[in-house]
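Enquirer: Sending over a structure as structure tokens; questions will come in a sec.
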Amino acid sequence: MIMRVGIVGAGSIAFGTAALVEQQGHEVTLWSPSGERTRALASGQALVAEGAIKGTFHPAVATSAKDLVARAEALVIALPAYGHKTVLDAIAPHITPGQIVIFSSHASFGALYLSRLLAARGVTVPIVAWGTTAVSGRQLSPTSVNVNTIRKQVDLATVPASESAKGLSICQSLFGDRFLDRGSLMAIALSNLNPQNHMGIALGNMTRMERGESWSQGQNVTPNVGRLLEDLDRERIAIASKLGLEVRNIFQHFHLSFHVPMSSISQMNQEMHEAGNGGSGPTTADSRYVTEDVPFGLVMTAKIGRLAGHPAELHEAGIRIFSAMYGRDFTAENDLLTALDLDAMSLDELKELCRNGFAAAA
């Protein structure tokens, strides 16, 4: 069955996701809040994908949040986490029962924030949270994207949990049979490895980023950087274990995402580099590796760790180090956790919301 899919965003992940959805036989509409990134597509130019997805695609372009929601049966949030609250505030007034919302990928309990917005209107829809994106890539121009990889497996969970079967089924229909239902939004909150990995990579290569150098990311996950990533991962896994949750580890992540054999993290990245899949490191300090992943990734993991009684000391140190390096309070920049007032919740209250979301107003 052909579905109409609205994608919020117009960067590399949104473009790659649009190509994947169209390749699966569905109809796509893109919406860029500013309108700048979709201007060329709106004029009739095609979207060209290369790499893991090759082809020419023709997504439609919405002129507003209301227009996007009206055209879609499924909505996909595919932009950096620092834009999530703004776009959720924009689309929530127009969402109706019968639609579904998918976070690609989930960050800082954005699914709960959307659940609260909808509940205030008396609306409940399945909200699906992914632990990572289905594709990775780099935007080459306003009409082209290089898709580095299509992930073999993406973890997900649906809120409310009673809609889990529907959430999984629709994701499989839209994106293929590549999903593992972890059954818990809390598990998904602890499943995004990008923040911890990008922390180590950025710390180890900050001068390259500041100088705007061109450098291979995989090649520069050297043994020392690799060991830091492995220790950060052990902290995250320990928090999940304390909460009785099963999440993938860093070795499974690189194996499933980039198709390299299990080894040390440094060695796996060297093999990715040799295979041409190591990716390019950020060429600016104003990179989502820091500006998104610190406030919306490391901060969230640290907060869950404290709630669980298992502090994530390396994550906490990373937040403080990056805040000092950038002269910014990255903890204060997380507008989603602030809006949800997570610090005022008990662990049991958060677990309940992760299962059922906010109760719809009568």
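Enquirer: For ARG39 and HIS310, what is the calculated FRET efficiency with R₀ set at 41 Å and r taken between the beta-carbons, to the nearest 0.05?
Expert: 0.30
Enquirer: Also, I was wondering about something else. Run the accessible area of the chain with a 1.4 Å probe and give the carbon-and-sulfur part as a rounded percent.
Expert: That fraction is 49 percent.
Enquirer: In addition: By the gyration tensor of its Cα atoms, with a ≥ b ≥ c the square roots of the eigenvalues, what is the shape of segment 236-311: rounded for a/c under 1.5, prolate for a/b over b/c, or oblate?
Expert: oblate
Enquirer: Among DSSP beta bridges lying fully in segment 2-94, give the percent that are antiparallel, nearest 5.
Expert: Bridges in segment 2-94 that DSSP calls antiparallel: roughly 20 percent.
Enquirer: Now for a separate question. If you put +1 on each Lys and Arg Cβ and -1 on each Asp and Glu Cβ, how big is the dipole of segment 169-325 around its Cα centre, in Debye rounded to 20?
Expert: The calculated dipole for segment 169-325 is roughly 300 debye.
Enquirer: Follow-up question, since we're still on this one. If each residue of separation counts as 0.36 nm, what is the full-extension length gain between THR283 and ASP67 once their alpha-carbon separation is subtracted?
Expert: 74.2 nm
Enquirer: Using the alpha-carbon centroid of each, what span in Å lies between segment 286-362 and segment 212-279?
Expert: Each part reduced to its Cα centre gives a spacing of 22 Å.
Enquirer: Another question, if that's okay. So what is the accessible area of the chain per residue, in Å², with the probe set to 1.4 Å?
Expert: 39
Enquirer: Just to be sure I understand the model, the point goes 7 Å from the Cα along the line to the Cβ. What's the resulting ASP177 to HIS94 distance in nm?
Expert: According to this spin-label approximation, the distance is 3.6 nm.
Enquirer: Past 23 Å, Cα to Cα: identify those pairs from LYS152/LYS242; LYS85/LYS166; LYS166/LYS351; LYS85/LYS303; LYS54/LYS152; LYS54/LYS166, in the order given.
Expert: Flagged as over cut-off: LYS152/LYS242; LYS85/LYS166; LYS54/LYS166.
Enquirer: By how many nm would the segment from LYS54 to GLN24 grow when fully extended, if each residue of separation counts as 0.36 nm and the alpha-carbon distance is taken off?
Expert: 9.5 nm
Enquirer: Can you compute the FRET efficiency between ARG227 and MET1 using 1/(1 + (r/R0)^6), with r the Cβ-Cβ distance and R0 = 45 Å? Round to the nearest 0.05.
Expert: The calculated FRET efficiency here is 0.40.
Enquirer: When the helices in the chain are scored as -39500 (n - 2.57) per DSSP H run of 4 or longer and the sum is shared across all residues, what 222 nm value do you end up with, to the nearest 500 deg cm²/dmol?
Expert: -12500 deg cm²/dmol
Enquirer: Relative to the present Cα-Cα distance, how much length would full extension add between ALA238 and ALA165 at 0.36 nm per residue of separation?
Expert: Taking 0.36 nm per residue and subtracting the Cα distance, the gain is 23.4 nm.
Enquirer: 7 Å from Cα along Cα→Cβ at both ALA317 and GLN219: what's the point-to-point distance in nm?
Expert: With each label point 7 Å from Cα toward Cβ, the separation is 2.9 nm.
Enquirer: How large is ³J(HN,Hα), in whole Hz, for each residue of segment 151-164 in order, when computed from phi with the Karplus curve 6.51 cos²θ - 1.76 cosθ + 1.60 and θ = phi - 60°, using x for Gly and Pro?
Expert: Once θ is set to phi - 60°, the couplings for segment 151-164 become 5, 5, 9, 10, 7, 8, 8, 10, 10, x, 4, 5, 9, 4 Hz.
Enquirer: Still on this structure: Report, please, the projected area of the chain averaged over directions, based on the convex hull of its C-alpha atoms, in nm².
Expert: Mean projected area of the Cα convex hull: 16.5 nm².
Enquirer: LYS66: which aspartates and glutamates have alpha carbons under 18 Å from its alpha carbon, excluding same-chain residues fewer than 8 sequence positions away?
Expert: Cα-Cα hits under 18 Å: GLU27, GLU36, ASP89.
Enquirer: If you don't mind, there's one more thing I want to ask. For a protection proxy built on the mean count of beta-carbon atoms within 10 angstrom, sort 11-18, 312-319 highest first, please.
Expert: 11-18, 312-319
The values are calculated or read from the model by the stated rules, or taken from the named source; none is laboratory data. The structure displayed is predicted, hence computed values, not measured ones. Using ideal geometry, Cβ is built from the backbone for each residue, glycine included, and neighbour counts are taken over all protein chains shown. Remember, those area values only see protein heavy atoms, side chains included, never the ligands or the DNA or RNA. Shrake-Rupley method; radii C 1.70, N 1.55, O 1.52, S 1.80 Å.
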